[in-house]
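In what follows, a single structure is set out as structure tokens and then discussed.
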């Protein structure tokens, strides 16, 4: 019947539905088993929580990574599992969880756990801080309401341990480097101080003996033995000067290496005329070449004219350092040869020069030579056309063998033991030259034949200068690094008003006015007999005989030597042992304002050093201060700041010229001194013939022409 058929149909449908339900249930169970099997095999922790923070599911790894034991309370008590998180990290975790619940914002966090991690690392069982990387994301129902939170965690304890070890090693390395730099600074400072006294004493001895010999031209006829003693004394003094200069160059090289190792050397491009840079660099060697009968020639190639290369963007100080190092080597290896010639050439190209015209030439295969190939891409170089400047220094020296060439340009390496025995040197100059060349996007190499000579060549990358606003004087930029290189200790002004005036013409002008030492003096050679500083054409305020100088120096030897040398020039000299005594002395000078008869914040009694000065009824004339930096009681930087503060407060009538005389030779130390209020910085060791132009430059800027106190002329007087 029909009803039976309907009943049978319903039974069949029910059986089919039951079968489908069983199948679906089996499939769901299979999926759940697979999920559990997958989650149990997963290296990370997996967990499902409700919005109140109760745990509904977690795999074995979740408990293991969290450092927790399975406990039913995790599914009953909200956030009971949070006790596993380190106490210091719980507030951050709670705020992230709250943002997830309220705004459905997923989050990833690295958090520490309370339980330590114990395991094997590199064959050793270690107990370290347990770290977990956790990710949480919400799941919503059909109404958009948060129904559960999915979380996964990864154990990153070993990664964090490795990072900590790396950070610790980096800090140890930085501390080691800091201590090394500090040691180098201290060593350099302690070496420069006595070197300065040695150089100045040798100058004094040599000058005195030469003046005596010049005043007694018939000495050889009257007393041959005394004449020979004078000759030997002069030779010995000049030898001392040369040795001191050599020692200074080694100290400077070590400082330069320290800068290179610390990545403290930067390239600062300014608009510069490369021809003038080369001419200025070679002028420094003119006297030395003349003394050694070396023919020095400069060849400006036609390529500069063809490419119309005039001003380019480059770092003239770094370029000059390379030229100085190569010229120093060329002179050293040529001065004892029969043929004594040095040829310097400058050319330009639009592509990196290959120098195929030089036989056997090859660039040094440095692994870092292309690291700065794109240095001119930065904004400070401008957008001018890329230019490659090529420099060649060819000498007729002893030359090099192929084996000796391979040792060049590496740290502390000479071409061979023969090189060091015959010519000396620390082996740092060429290494520094390679580093500086590569910093400027170039390369350096050599072509040499033993017994014939060598040609050192390098190129640097630059850009054609388009903007004149950033043009600086070559002199200003080269100043600090020329000093650091140990070849030209004479400081020059830090800035220039007229950037059109080139350095070469300025030097010639200074020499004509008698305010520049000869090339020989710049390199540590004594003056010719009877030669004196030509000051007769200079204004009165630039005559050393009109200067009243305060020397602030704690080293009594240096204080005594410098005072004696300044007195030889006719200066009036006062001395102080530290900055506080200098401040006390200022209150008795003509710089002190009439309404200020005492110096504030100076509660201690003045030292006995100025007892005689206090008896003077009239103010003591003072032209300038030569101020050391490293001193007890009050250092030079603090003293300079106090002087400038007194000027700003109206206690002093004007700007007191202050020149720092210090053994701190790093560029950052020099900059620190200038920022403290020094007008110039003279690094030790220096010669008086190098100090005088620096003083003159400061007086021109801040001296009599700037409205400072008019000083009474004194000659040879010493109030102390």
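When you check residue 301 against the structure, is it assigned by TED's automatic domain parsing to the domain that holds residue 386, in contact with a strand residue (DSSP E or B) (Cβ under 9 Å, 6 or more places away or on another chain), under 23 Å from residue 376 (Cβ atoms) and without any contact (Cβ under 8 Å) to a residue 12 or more places away in the chain, yes or no? No, not satisfied.
If you check 451, 424 for being farther than 17 Å from residue 354 by Cα, in contact with a helix residue (DSSP H, G or I) (Cβ under 8 Å, 6 or more places away or on another chain) and modelled with pLDDT under 90, only one passes: 424. Specify the residue that is modelled with the lowest pLDDT; the eligible residues are those in the stretch 582-610 that are within 28 Å of residue 542 (Cβ to Cβ) and in contact with a helix residue (DSSP H, G or I) (Cβ under 6 Å, 6 or more places away or on another chain). That would be 610. Can you spot a residue in the stretch 614-623 that is surrounded by fewer than 23 Cβ atoms within 10 Å (Cβ to Cβ) and touching a strand residue (DSSP E or B) at 6+ places or on another chain (Cβ under 7 Å)? Checking the stretch 614-623: at least one residue is surrounded by fewer than 23 Cβ atoms within 10 Å (Cβ to Cβ) and touching a strand residue (DSSP E or B) at 6+ places or on another chain (Cβ under 7 Å).
Matching residues to (1) farther than 14 Å from residue 51 by Cβ; (2) free of Cβ contacts under 8 Å to residues at least 60 places away in the same chain; (3) surrounded by 13 or more Cβ atoms within 10 Å (Cβ to Cβ):
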| position | (1), (2), (3) |
| --- | --- |
| 89 | yes, yes, yes |
| 95 | yes, yes, no |
| 102 | no, yes, no |
| 113 | yes, yes, yes |
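Among the residues of the stretch 125-135, is any closer than 29 Å to residue 34 by Cβ, at pLDDT 90 or above and touching a helix residue (DSSP H, G or I) at 6+ places or on another chain (Cβ under 7 Å)? So far as the stretch 125-135 goes, yes, one or more of its residues are closer than 29 Å to residue 34 by Cβ, at pLDDT 90 or above and touching a helix residue (DSSP H, G or I) at 6+ places or on another chain (Cβ under 7 Å). Please tell me if residue 340 is under 13 Å from residue 437 (Cβ atoms) and touching a helix residue (DSSP H, G or I) at 6+ places or on another chain (Cβ under 7 Å). In short, no.
For the stretch 143-166, the tally of residues that are out of contact with any strand residue (DSSP E or B) (no Cβ under 7 Å at 6 or more places or on another chain) and outside any helix (DSSP H, G or I) stands at 3.
Taking the criterion of being buried (at least 16 other Cβ atoms within 10 Å of the Cβ) and either part of a helix (DSSP H, G or I) or at pLDDT below 85 (or both), the residues of the stretch 36-66 that qualify are 39, 61, 62, 63, 65, 66.
Here the stretch 145-191 is the region considered, the condition is being touching a helix residue (DSSP H, G or I) at 6+ places or on another chain (Cβ under 9 Å) and over 30 Å from residue 66 (Cα atoms), and the residue that is surrounded by the most Cβ atoms within 10 Å (Cβ to Cβ) is 188. Would you confirm, using the coordinates I've provided, whether residue 78 is closer than 30 Å to residue 147 by Cβ, out of contact with any strand residue (DSSP E or B) (no Cβ under 7 Å at 6 or more places or on another chain) and modelled with pLDDT of 90 or more? Spelling it out, it is not the case that residue 78 is closer than 30 Å to residue 147 by Cβ, out of contact with any strand residue (DSSP E or B) (no Cβ under 7 Å at 6 or more places or on another chain) and modelled with pLDDT of 90 or more. With a requirement of 2 or more residues that are surrounded by 14 or more Cβ atoms within 10 Å (Cβ to Cβ) and in contact with a helix residue (DSSP H, G or I) (Cβ under 9 Å, 6 or more places away or on another chain), the helices (runs of 4 or more DSSP H) lying completely within the stretch 206-318 that satisfy it span 219-222, 224-261, 274-283, 286-291.
Residues that are in a loop (DSSP other than H, G, I, E, B) and either free of Cβ contacts under 8 Å to residues at least 60 places away in the same chain or not assigned by TED's automatic domain parsing to the domain that holds residue 592 (or both) within the stretch 649-663 comprise 649, 650, 651, 655, 657, listed in sequence order. Screening residue 389 against (1) at pLDDT below 85; (2) touching a helix residue (DSSP H, G or I) at 6+ places or on another chain (Cβ under 6 Å) leaves a single unmet condition, (1).
The rows are residues; the columns are (1) out of contact with any helix residue (DSSP H, G or I) (no Cβ under 9 Å at 6 or more places or on another chain); (2) under 17 Å from residue 446 (Cβ atoms).
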position	(1), (2)
329	no, yes
363	yes, yes
377	yes, no
385	yes, no
396	no, yes
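The values are calculated or read from the model by the stated rules, or taken from the named source; none is laboratory data. Predicted model only: the values in this text are computed from it and were never measured. Please note: Cβ atoms are built from the backbone with ideal geometry, for glycine as well, and neighbour counts cover all protein chains shown.
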